[in-house]
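The values are calculated or read from the model by the stated rules, or taken from the named source; none is laboratory data. Because the structure is predicted, anything quoted here is derived from the model rather than measured. Every residue, glycine as well, gets a Cβ built from its backbone with ideal geometry; the counts of neighbours run over all protein chains shown.
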Amino acid sequence: MQQPNPFMRKREKEVLNTLLSFITEKQSSWEKLQAETRPIFIYGMGDGAEKIMRVFREKSIPLAGIFASDEFVRGHSFAGYKVRKLSEIEAQVDDFVIVLAFAAGYQSLVDKIVELNSRHTLIVPDVPVAGGGLFTYDYCVEHAAELEEVYEMLADDESRRVYANIINFRISGNIRYLMDVTSPKAEIYRIIRDIAAQGISVIVVSSELPEIIGISDRILTLCEGRITGEFTREEATQEKLLYAATLREEDPA
């Protein structure tokens, strides 16, 4: 059997490092959790928590428990664990790690998570929507050419910085990468209005009703994959939008 050429291996490593120079994180969130000695608690329930717990079992990561925001705890259990209050855990455990198991869909929740990150070690592991693969540095190495191709196709340095931060966030689970490239909503609204003023259509998808009413000229509501309502900005109210967005096919119009 032909032995691998040490020079070629070194050259391949040099090329790889050049290709992935924008990736600074090498240790995955899962590897960090495997190395942890502090208690690890999952924040949240549902599909995200189930997927995280499955990886915990595969990688022998101990789970100390599950908690939810205090206002959502009503003595129930999830996956065999009693769902606890964050305040209860903070009163009983001096230092622990939080693993976030859900996406933050509105600003007040984002603010709460950022504040939580300032008080505790918070890790947001990347779990697939479908399939079983995990996004790690090794995955990036396997797909180095594709990742680099996308990076080079981006139009400006800011776009490349956002792309790099998202990749590093998905590897590490450190929300600092997202916080560093998050634009204020006022800036996003300004960009949308500038584009619309040029006669270009912009589609905004949001569950925040005041935001939708404030920025849209025409609003469509959907429920279970169907369009259930159409409103002009003048016609729209939060009550009308909420009703239409929850109108199931079997419900009377």
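Scan region 207-226 and tell me whether some residue there is touching a residue at least 60 places away in the same chain (Cβ under 8 Å) and either of a type in the set (A, V, I, L, M) or not in a helix (DSSP H, G or I) (or both). Within region 207-226, one or more residues are touching a residue at least 60 places away in the same chain (Cβ under 8 Å) and either of a type in the set (A, V, I, L, M) or not in a helix (DSSP H, G or I) (or both). Quick check: is even one residue across region 71-85 touching a helix residue (DSSP H, G or I) at 6+ places or on another chain (Cβ under 8 Å) and polar (S, T, N, Q)? Among the residues of region 71-85, not one is touching a helix residue (DSSP H, G or I) at 6+ places or on another chain (Cβ under 8 Å) and polar (S, T, N, Q), which makes the answer no. For region 32-49, residues that are of a type in the set (G, A, S) and either at pLDDT 95 or above or closer than 17 Å to I167 by Cα (or both) total 1. Being touching a Lys or Arg at 6+ places or on another chain (Cβ under 8 Å) and among the small types (G, A, S) narrows it down to one residue among G133, G173; which is it? G173 is the lone residue from the list that is touching a Lys or Arg at 6+ places or on another chain (Cβ under 8 Å) and among the small types (G, A, S). Every listed requirement among (1) assigned to a helix (DSSP H, G or I); (2) farther than 24 Å from A35 by Cβ; (3) touching a residue at least 12 places away in the same chain (Cβ under 8 Å) is met by A103 save one, (1). Residues of region 106-129 that are outside any helix (DSSP H, G or I), under 27 Å from I212 (Cα atoms) and aliphatic (A, V, I, L, M): V129 alone. Taking the numbered list (1) more than 30 Å from Y151 (Cα to Cα); (2) modelled with pLDDT of 90 or more in turn, V73 passes all entries but (2). Exactly one residue out of R248, R170 is in contact with an Asp or Glu (Cβ under 7 Å, 6 or more places away or on another chain) and part of a loop (DSSP other than H, G, I, E, B), and it is R248. For region 120-175, filtered to residues that are without any contact (Cβ under 8 Å) to a residue 60 or more places away in the chain and polar (S, T, N, Q), the residue that is nearest to A35 (Cα to Cα) is N165. Scanning region 80-115 for residues that are charged (D, E, K, R) and surrounded by 15 or more Cβ atoms within 10 Å (Cβ to Cβ) yields a total of 2. Has region 155-171 got at least one residue that is surrounded by 14 or more Cβ atoms within 10 Å (Cβ to Cβ) and farther than 30 Å from Y43 by Cα? Looking through region 155-171, at least one residue is surrounded by 14 or more Cβ atoms within 10 Å (Cβ to Cβ) and farther than 30 Å from Y43 by Cα. Selection of region 55-77 for residues being under 29 Å from S206 (Cα atoms) and surrounded by 15 or more Cβ atoms within 10 Å (Cβ to Cβ) yields I66, F67, A68, V73. Considering the conditions (1) surrounded by 15 or more Cβ atoms within 10 Å (Cβ to Cβ); (2) at pLDDT 95 or above; (3) more than 16 Å from L134 (Cα to Cα); (4) not basic (K, R), S29 is excluded by exactly one of them, (3). Got at least one residue in region 120-138 being farther than 22 Å from K59 by Cβ and surrounded by fewer than 18 Cβ atoms within 10 Å (Cβ to Cβ)? Within region 120-138, not a single residue is farther than 22 Å from K59 by Cβ and surrounded by fewer than 18 Cβ atoms within 10 Å (Cβ to Cβ).
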